[in-house]
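Asker: Got a structure for you, written out below as structure tokens; questions coming shortly.
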Amino acid sequence: IVNFSAGPATLPLEVLQQVQAELLDWNGSGMSVMEMSHRDKEFMSIAQAAEQDLREVMNIPANYKVLFMQGGATAQFSLVPMNLLRGKTGADYIVTGDWGKKAAKVAAQLCTVNIAASSEADKFTGIPEPSSWKLDPNAAYVHITPNETIHGVEFHTEPDTLGVPLVADMSSNILSRPVDVSKYGLIYAGAQKNIGPSGVTIVIVREDLIGETLPKTPALFDYKQVADNDSMLNTPPCFAWYVAGLVFKWIKRQGGLAVIAERNRHKAALLYDYIDGEDFYTNPVRKVDRSRMNVPFTLANPELDGEFLKGAKAAGLSGLKGHRSVGGMRASIYNAMTIEGVQQLVDYMKEFVRTRG
Ligand code: PLP
């Protein structure tokens, strides 16, 4: 099966095979990682290696903490204002899709949210021109969603936030290309696209931004306390953490993020070039803002959607149904998707037009 699901998403086959080989006996320990105490030296070595490898792969500066948390990106929608307001009352949100809209709505329960820019009036088909953003210089932070998973809209460079810390929900494009971490105050991501299985959430945060939370913030939600306890205030998601570590090592073996980015650019170009050259398929997103991870597209005749999906499934292509809020199709082509997999999809799309278009 070639799996185009938006998440949880396909993992590199090599990683799955390694998990299988080590499932019952990790490294001669006689135990599965699932059975190990998180306080024992075996799991500690797994946890530390994962953090080290992520630091290396993303070139994370020493003054940033790396946290392995739970609750998904959704929990971070609340944890970010709980931790980053630092005496301020408001934060700026740039809304370029449903996920950013949700993040802003949740944050509004805890602080004043200023929607500094939104492309909702354009049905989230691009990023508003940065010159039109109404940024507040007193905001505690500026929140963006660098890749909107549902609408297929991606920032390809970091915006200038005039010295206000930039916070990014990178759930669906983390590790897809090199990023300059020093341009961000905080990056968070649920694991289940480019990192590993769901259950672990990565937070990368500049250390001077943490330590002052909203009153009554529970310890488990306080970045500083989590950092001071090596993300082990309580039992961490050990197995997901371990698999994430294998994915970081896989990225290193591929040659790092520059190689991964080139592969992702190639895969996306293959699909967009075909869609743009074929009237039967449409992607509505402004070309410069198109996502390299999630490619939504519609068929000229939506009545054929069911048939398209059925035929795709029969051809071994799964997970192509678009999100219910936008309809049509969506091909998610995260790091583990191969160029051959995307080519198989394009071949199927061509054949569908030939026989049904
Ligand atoms: N943010 C983005 C950009 C996402 O794509 C998703 C899930 O697909 C979420 C947040 C929600 O993540 P979680 O299910 O880990 O809470």
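No lab work stands behind these numbers, since they all come straight from the coordinates. All values derive from a computational prediction rather than experimental measurement. Note that each Cβ is placed from the backbone with ideal geometry, even for glycine, and that neighbours are counted across all protein chains shown.
Asker: For the pair Glu56/Asp279, report the inter-label distance in nm, with labels modelled 7 Å from Cα in the Cβ direction.
Answerer: The modelled label-to-label distance comes out at 5.4 nm.
Asker: Would you mind checking Lys101/Lys123; Lys101/Lys134; Lys88/Lys224; Lys249/Lys321 for any pair whose Cα atoms are more than 20 angstrom apart?
Answerer: Table pairs above 20 Å Cα-Cα are Lys249/Lys321.
Asker: Contour minus end-to-end for Ser132 and Val346, with contour as 0.36 nm per residue of separation and end-to-end as the Cα-Cα distance? Display every interim value, and only then the final one.
Answerer: Values: separation 214, 0.36 × 214 = 77.04 nm, distance 3.73 nm.
Residue separation times 0.36 nm, minus the Cα-Cα distance, leaves 73.3 nm.
Asker: Okay, moving on. With runs of 4+ DSSP H residues as the only contributors, calculate the mean residue ellipticity of the chain at 222 nm using -39,500 (n - 2.57) per run, divided by the residue total and rounded to the nearest 500. Mind showing how you got there, number by number?
Answerer: Values: 9 runs with 123 residues, N = 357.
The per-residue figure over the chain is -11000 deg cm²/dmol.
Asker: Spin-label point model (7 Å from Cα, Cβ direction): what's the Leu304 to Glu207 distance in nm?
Answerer: 5.8
Asker: Just to confirm a number: summing +1 for Lys and Arg and -1 for Asp and Glu over residues other than Ala219 whose beta-carbon lies under 15 angstrom from that of Ala219, what do you get?
Answerer: On the way: positive: Lys216, Lys224; negative: Glu212, Asp222, Asp228, Asp230.
Residues close to Ala219 contribute a combined charge of -2.
Asker: At 7 Å along the Cα-to-beta-carbon direction for both Met31 and Val181, put a label point, then send me their distance in nm to one decimal.
Answerer: Taking the simple label geometry, Met31 and Val181 are separated by 2.9 nm.
Asker: Another question about this same structure. May I ask for the net charge around Asn229, where only other residues with Cβ less than 15 Å from the Cβ of Asn229 are counted and Lys, Arg are +1 while Asp, Glu are -1?
Answerer: Details: positive: Arg39, Lys65, Lys224; negative: Glu51, Glu207, Asp222, Asp228, Asp230.
Here the count lands on -2.
Asker: Tally Lys and Arg at +1 and Asp and Glu at -1 over the other residues with C-beta under 13 Å from the C-beta of Met36: what net charge comes out? Walk me through the numbers on the way to the answer.
Answerer: Values: positive: Arg39, Lys41; negative: Glu22, Asp25, Glu35, Asp40, Glu42.
Its environment carries a net charge of -3.
Asker: Now, a different point. Gap in Å between the Cα centre of the stretch 116-173 and the Cα centre of the stretch 218-284?
Answerer: Result: 19 Å between the Cα centres.
Asker: Oh, and also: Can you give me the relative contact order of the stretch 252-357 as a percent, contacts being Cα pairs under 8 Å and 6 or more apart?
Answerer: 29
Asker: By how many nm would the segment from Ile1 to Thr112 grow when fully extended, if each residue of separation counts as 0.36 nm and the alpha-carbon distance is taken off? Display every interim value, and only then the final one.
Answerer: On the way: separation 111, 0.36 × 111 = 39.96 nm, distance 4.59 nm.
Stretched fully, the Ile1-Thr112 segment lengthens by 35.4 nm.
Asker: Note the full-extension length gain between Ile339 and Ala269 as 0.36 nm times their separation in residues minus their Cα-Cα distance, in nm to one decimal. Don't skip to the end; give the middle numbers.
Answerer: On the way: separation 70, 0.36 × 70 = 25.20 nm, distance 1.05 nm.
Going from the current span to full extension adds 24.1 nm.
Asker: Further question on the same structure: Near the amide H of Asn294, under 5 Å away, which other amide H atoms are found, from residues 5 or more places off or on another chain, if H is placed in the peptide plane?
Answerer: Ile333
Asker: Which residue fluctuates the most in the chain, going by a Gaussian network model with Cα springs under 10 Å, if the choices are Arg39, Arg286, Arg265?
Answerer: Of Arg39, Arg286, Arg265, the Gaussian network model singles out Arg39 as fluctuating most.
Asker: Same structure again: Where both residues lie in the chain, what percent of DSSP beta bridges are antiparallel, nearest 5?
Answerer: Around 55 percent of the beta bridges assigned by DSSP in the chain are antiparallel ones.
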